[in-house]
Amino acid sequence: MGILIKNGTVVNAHQTLSADVYCDADKITAIGKDLEVPAGTQIIDADGKLVMPGGIDPHTHFELLFMGTVSRDDFFSGTAAGLAGGTTTTIDMCIPDPGQSLLEGVSVWKQRAEKAAADYSFHVAVSSWSTRVSEEMGEVVKTHGIPSFKHFMAYKGAYMVDDEAMLHSFARARELGAIVNVHCENGDAVAYLQADLLRRGVTGPEGHPLSRPIEVEAEATNRVISIAQITKTPLYIVHVSCKEALEAVSRARLSGQKVYAEALGAHLTIDDSVYKSADFDEAAGFVMSPPFRSKGHCQALWNGLQAGHIQVVASDHVTFNKEQKRMGRDNFAAIPNGTGGIEDRMSLVWDGGVRRGLLSPEEFVAVTSANAAKIYNMWPRKGLVAPGADADIVVWDPHASKTISAKTHNHATDFSIFEGRTVTGIPSATVARGRIAYLNGQLRAERGAGRLVKRYAFGVAYAANHA
Ligand SMILES: [Zn+2]
């Protein structure tokens, strides 16, 4: 049974037009006026609303074993919350244990993702270097259709990679036509500052931002840009949080280097005053890395989005509840790092970006969907409302509002870092894989409805079409 989305305004990253959209099974098959559709077609009335490509959140961590505990949202609850917020595709960080085979990691993640309610892919983390890792990277790209690899410059003693491993991994990625993405914080500096603060008796959550100052992120960002320049590998920097790191990206782009930057909905809208709360639960809830920065940095990120120096807004969704955060009651360095936001991501960008006149609706589509599809090689199957594309669509009500709260959100955690914030611009319907997964406040996510999206290595599709 098909779906007809009627009377809306179709907004893509490149074009806006008044048209109806018809989805047959899991594809969009027609766009136009007065479309003839079979009897029994489900109708969504989009009068006064925008019909846009479903959101793509290319940075999530579902069911992640991290800092001695497992994050709350799994692939079902996480992707379901995404659907409620208009997001129809996620790319989750597949992080094999250090020393574990990358292929084992992929098979563990594939198993976990079987319950996903929406389509997904993975980035595979490389946290050490060996000939086996090199060979397995080839398998990951060619057999599994995953042409992106994650690297952590932070989390010493866990996932942190050194420069030598990054040089090898980046060079191998380039050879394979893959892109690398990197968490930029100097892990040695963080470990040094954590120990120093604890020795001086700073044990509460206020120690978290003090242990990860701007320099920690700026140094790592500059360093990894140089490493990627040496190996000539396309580079994507996850969660750029400060002006200095963004300036490093902008300089590299201006000098002709292929470097992309991602901002998080949370870094755009929350500042570091949250760590000053005397209530442990309150302050610990905001512990994530890089930490929230002063207001000037939030504005710098909006400026970066407006100027096109930041191409993607993600969530870095990883949720823990209050009880889990209390693992760091006497030591801020033991508070599980992570915050939720997949459901709120798109509304935060519309509310703070489009409503304030910083972004056009087309630019909104670019930063929440189309750019991620292009950078991660899912375009034009994802990130586009056009015949032949996947039937992943969000019907957006630009005038409706909601107040975000843990009482009503679909995240599997007992608090929200956006508690009490009212946002204007919310989905009224979400179609994923040709199914209505969300309609007028009612979530109809189906366990297991999502599929792994196979992605090509860069150059492969071009070569196939020009042989
Ligand atoms: Zn992350």
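The values are calculated or read from the model by the stated rules, or taken from the named source; none is laboratory data. Given the structure is predicted, the values throughout are model-derived calculations rather than measurements. Every residue, glycine among them, receives a Cβ derived from its backbone with ideal geometry; neighbour counts consider all protein chains shown. These accessible areas exclude ligands, DNA and RNA; they are computed on the full protein's heavy atoms, side chains included. Shrake-Rupley method; radii C 1.70, N 1.55, O 1.52, S 1.80 Å.
Here are a few things to note about the model shown:
- Selection status of Val259, of a type in the set (Val, Ile, Thr), within 16 Å of the ligand (Cβ to nearest atom) and crowded, with 21+ Cβ neighbours inside 10 Å: no
- Counting only residues that are closer than 19 Å to Ala84 by Cβ and assigned to a loop (DSSP other than H, G, I, E, B), segment 1-59 holds 3 of them.
- In segment 329-341 there is no residue that is over 19 Å from Val287 (Cα atoms), within 16 Å of the ligand (Cβ to nearest atom) and either aromatic (Phe, Trp, Tyr) or buried (at least 24 other Cβ atoms within 10 Å of the Cβ) (or both).
- Whichever residue in segment 232-256 is away from the ligand (no atom under 16 Å from the Cβ) and assigned to a loop (DSSP other than H, G, I, E, B) and, among such residues, is farthest from Gln299 (Cα to Cα): Lys232
- Subset tally (residues that are in contact (Cβ under 8 Å) with a residue 60 or more places away in the chain, among the small types (Gly, Ala, Ser) and open to solvent by 40 Å² or more (accessible area, probe 1.4 Å)) for segment 130-165: 1
- Considering segment 239-263, the residues that are among the hydrophobic types (A, V, I, L, M, F, W, C) and closer than 15 Å to Arg212 by Cβ include one that is nearest to the chain's Cα centre (by Cα), namely Val240.
- Scanning segment 97-129 for residues that are part of a loop (DSSP other than H, G, I, E, B) and at pLDDT 95 or above, we see that the one that is most open to solvent (accessible area, probe 1.4 Å) is Glu114.
- Residue match in segment 397-405 (condition: open to solvent by 20 Å² or more (accessible area, probe 1.4 Å), charged (D, E, K, R) and part of a strand (DSSP E or B)): yes
- Looking only at segment 21-56, residues that are under 16 Å from Ser428 (Cα atoms) and either within 16 Å of the ligand (Cβ to nearest atom) or surrounded by 15 or more Cβ atoms within 10 Å (Cβ to Cβ) (or both) come to 11 in all.
- Segment 198-215, residues that are in contact (Cβ under 8 Å) with a residue 60 or more places away in the chain and not small (Gly, Ala, Ser): Leu198, Val202, Thr203, Pro205, Glu206, His208, Pro209, Arg212, Ile214
- Members of segment 158-212 that are touching a helix residue (DSSP H, G or I) at 6+ places or on another chain (Cβ under 8 Å) and aromatic (Phe, Trp, Tyr): Phe170
- Among the residues listed as Phe286, Phe292, Phe280, the single one being within 16 Å of the ligand (Cβ to nearest atom), open to solvent by 10 Å² or more (accessible area, probe 1.4 Å) and modelled with pLDDT of 95 or more: Phe286
- Selection from segment 206-225 of residues that are open to solvent by less than 10 Å² (accessible area, probe 1.4 Å) and farther than 28 Å from Lys258 by Cα: Gly207, His208, Ser211
- Only residues that are more than 20 Å from the chain's Cα centre (by Cα) and either surrounded by 22 or more Cβ atoms within 10 Å (Cβ to Cβ) or of a type in the set (Asp, Glu) (or both) were counted in segment 354-388, giving 1.
- Test: residue in segment 57-76 that is more than 16 Å from the ligand (Cβ to nearest atom), surrounded by fewer than 15 Cβ atoms within 10 Å (Cβ to Cβ) and not aromatic (Phe, Trp, Tyr): yes
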